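Here the structure is laid out as C-alpha cells; the discussion comes afterwards.
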C-alpha cells in the first residue's frame, strides 16, 4: 500500500512578483501587492511621480521625485524643510545695499531701490532713460533729465505729452481761404481750392473763367457765362438747354398749342417758327390775318407799308404798319407822340435805383451804367477777372489777385514786401497796385 501527499509550492521563493512589490504566499497560490509609491498589478510596478499630483510641498519649494517617494526643497531665498518654507529677509543683513539706496525685501529675494528715475545695476545707480522706454506719446517730444523726463506734444497735437490728440485745425478759425476746403490730417491740415477756383488754398483762390477754354463746353449757339466758382450755358429764345451744355431748337409747331392763326400753317425754323398763309389765302399786311384770295379775277388790293419809307416816324420811335394806316410810338427811355421823341432823364426821378456795382448816368434811352471793373448792361453787372489777361502783372516775382472791381499784383511766396518793392531771391522791383 502506497500513500501520496500534496505539498504547497511557495511561489514567492522564486521572486515571481515585481521587485517593487510584496509577495504573499497562500495555499495553492500567491498575491503580489505593489509597494507604497508604486502602481501596478504586483507583477509589474511603476514609480508614481508625486510631483505631478497633489503633494505636501510648500508653494515656495521644489518637488523632487524619488523612486517610490519624493522630496521637497525650499527655493532660493526661502528656508524650511520643504513642506513649510519661510521667506528670508535679506534686508536684515547690514550693508547688503549701498547707503544711497533703500533695500526692499520681496518674496524669495530683494532689490536695492535707487528712487524714481534711476535703476540699480552692478552695485551702482544709473539714470533711467524714460525716453528710450517709450514713456511719452508717439506724437510727443521726450526730453530725458537726471532722475526724470518731460513730454511735450508736437505741433498739431494737444495733451499732456503722455497722451496727445490731434488738433482739428479745420474746426478752429478757418486757416484756409474762404473759397477753399479744409481737410484735417494727423498733426496737420490741407487747404484745397474748391472746384472752379485755383490757387494755394491758403491766401489765394482765384475764380477760374471756364468760358475762356472751348466756350466752357457750351455747344450749338449756347452762350457761356462765367460765375464765381462756376459757369453756366445760356440759350437764346427758341432753344432749350439739354445736359446743361447743349442748346436744342424748340419745335414750337409741336410744343405750342396752335401757335398760328386761322388759315395759317406753322413752319419751324431754327430758334423760332413762321406762320404762313395756307394755299388760297394771302396776308394783306404783315400785321393782319390771312384772308381768302379771290381767284376769280386774279386781282387784289395791297396795303401800302408806310413804315418802309424813311423818316415816317422819329428816329427814336418804332413804326407799326396797319391796313391802310400806321402808328408811331417812342422807344423805351423816350417820351413823345412818336413823331417827336425826347430823352427821359431817369436819374432825376426819385424812384429810380440802379443795382449793385452800377451807377445812374443818364444817356439817350438808358441810365444805369456798370462801375469800372465790371461788365454788363447796367441792370446786371459782373466782376471782370483781370487776372485772366496775359501779363497783367509783368514782373515774375508777382502774382495777380482778383478783387471785386479791380485786381492787385502781390509778392509771390518766398518774397516780402518792403514799401513798394518785393525782396527775395531776385532783384527788387516796384509792385503795381490798381
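Of all the residues in the stretch 98-113, those that are touching a strand residue (DSSP E or B) at 6+ places or on another chain (Cβ under 6 Å), closer than 24 Å to residue 127 by Cβ and in a loop (DSSP other than H, G, I, E, B) number 1.
One line per residue, one yes/no per condition, for (1) part of a loop (DSSP other than H, G, I, E, B); (2) in contact (Cβ under 8 Å) with a residue 12 or more places away in the chain; (3) under 30 Å from residue 123 (Cα atoms):
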{"site": "22", "(1), (2), (3)": "no, yes, no"}
{"site": "31", "(1), (2), (3)": "no, no, no"}
{"site": "39", "(1), (2), (3)": "no, no, no"}
{"site": "56", "(1), (2), (3)": "yes, yes, no"}
{"site": "70", "(1), (2), (3)": "no, yes, no"}
{"site": "83", "(1), (2), (3)": "yes, yes, no"}
{"site": "96", "(1), (2), (3)": "yes, yes, yes"}
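Here residue 403 passes the criteria (1) surrounded by 16 or more Cβ atoms within 10 Å (Cβ to Cβ); (2) assigned by TED's automatic domain parsing to the domain that holds residue 423; (3) within 20 Å of residue 209 (Cα to Cα) except the one numbered (1). Restricting attention to the stretch 263-280 and to residues that are farther than 22 Å from residue 320 by Cα, at pLDDT 85 or above and over 60 Å from the mean Cα position of the chain (by Cα), the residue that is surrounded by the most Cβ atoms within 10 Å (Cβ to Cβ) turns out to be 263. Filter the stretch 207-225 for residues that are within 16 Å of residue 387 (Cα to Cα) and in a loop (DSSP other than H, G, I, E, B) and give the result. Once the filter is applied, which keeps residues that are within 16 Å of residue 387 (Cα to Cα) and in a loop (DSSP other than H, G, I, E, B), the stretch 207-225 yields 208, 209, 213. Anything in the stretch 58-68 that is surrounded by 16 or more Cβ atoms within 10 Å (Cβ to Cβ) and not in a strand (DSSP E or B)? List them, or say none. Within the stretch 58-68, 58, 60 qualify. Test residue 46 against the criterion of being farther than 30 Å from residue 129 by Cα, buried (at least 17 other Cβ atoms within 10 Å of the Cβ) and in contact with a strand residue (DSSP E or B) (Cβ under 6 Å, 6 or more places away or on another chain), and give yes or no. So residue 46 does not fit the description; no.
The values are calculated or read from the model by the stated rules, or taken from the named source; none is laboratory data. Everything numeric here is computed off the predicted structure, so don't read it as measured data. Neighbour counts run over all protein chains shown; Cβ positions are idealised from the backbone, glycine included.
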